[in-house]
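The values are calculated or read from the model by the stated rules, or taken from the named source; none is laboratory data. These numbers come from a predicted model, not from an experiment. No Cβ is skipped: glycine too gets one built from the backbone with ideal geometry, and neighbour counts run over all protein chains shown.
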Amino acid sequence: MSQNISDAMLHEVAAALERDPRINVHKGPVGVWQENGKVILEGRVEDIAAKRAALATARRLLGHRHPVLDLLRVTPTEPRGNLELRDAVARILAGEPVFRDYTLLTQTNGETEIVHDAEASPYKIQIRVRNGTVSLTGQVGSLSHRRLAEVLVWWTGSCENVDNRLEVFPPEEDNDDEITDAVRMVLEKDPLVHAEGMRVTTASAVVTLEGCAGNAEEKRLAVLDAWSVPGVGDVVDRIEICG
């Protein structure tokens, strides 16, 4: 059973978050508190990289002694209402060739609407949006598809959080190679990133990016893409600007 965390440890976590330039707590304060032996991170952050970097920092300091609950929300770059966000997610998933053989559905106020019917396919993704959180449920054919679906939701620029409950069938064992493959796939699908000039390696869920980017914005987007892949524990950016 988890024990209560000392105030000194909570202050240490808060101080580490404040020092981390990836998180930039001055743009949106991050609260650190505890409840029933869990450390809670709550507040608003600039992007998915800041959200997951905050979680990585807290876990690094706390180790396996205390679980960390991430309640951080991302500030959208393109704010939309729930219905607009639902439709944006449906469009981006329907436009992805990987999901051509998937049935796509939306659920609003208990009513389900079919966006794309793959008929005989056993795979489906159901989309629900509430208060800026996009929930994904259903069944997908691989871990990489599960990860890609979440990344595409983040790419809308309009969600504050993603609740990814997609199940993989048949089940697959997750590992560093799976994470590497998923990050490479995401980089290749990003039209603003030249993935052929970058290398991806993963060790204990820590992704290292190396190679060349044409400019600072491409470098930033590549790092953001890596952070957006669920299962990535941390990102080491060794990309050089070669443009």
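What the table below lists for this structure:
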| quantity | calculated |
| --- | --- |
| Neighbours by Cβ (under 6 Å, 6+ apart or cross-chain): first from segment 90-102, farther than 20 Å from Cys159 by Cα; second β-branched (Val, Ile, Thr) | Tyr102/Ile125 |
| Residues that are small (Gly, Ala, Ser) and either assigned by TED's automatic domain parsing to the domain that holds Gly231 or modelled with pLDDT under 90 (or both), drawn from segment 11-60 | Gly28, Gly37 |
| Options Arg86, Arg44, Arg60; residue that is assigned to a helix (DSSP H, G or I), over 26 Å from Phe169 (Cα atoms) and within 19 Å of the chain's Cα centre (by Cα) | Arg60 |
| Meets criteria (touching a helix residue (DSSP H, G or I) at 6+ places or on another chain (Cβ under 9 Å), among the polar types (S, T, N, Q) and buried (at least 17 other Cβ atoms within 10 Å of the Cβ)) for Ser144 | yes |
| Failed criterion for Leu224 (all others in (1) aliphatic (A, V, I, L, M); (2) surrounded by 20 or more Cβ atoms within 10 Å (Cβ to Cβ); (3) touching a residue at least 60 places away in the same chain (Cβ under 8 Å) hold) | (2) |
| Residue within segment 169-183 that is touching a strand residue (DSSP E or B) at 6+ places or on another chain (Cβ under 6 Å) and closer than 24 Å to Thr103 by Cβ present | yes |
| Counted residues, segment 144-174 - those being in contact (Cβ under 8 Å) with a residue 12 or more places away in the chain and more than 14 Å from the chain's Cα centre (by Cα) | 5 |
| Some residue of segment 92-103 being touching a Leu at 6+ places or on another chain (Cβ under 7 Å) and part of a strand (DSSP E or B) | no |
| Subset of segment 159-195 (residues that are assigned to a helix (DSSP H, G or I) and not acidic (Asp, Glu)) | Ile179, Thr180, Ala182, Val183, Arg184, Met185, Val186, Leu187, Lys189, Ala195 |
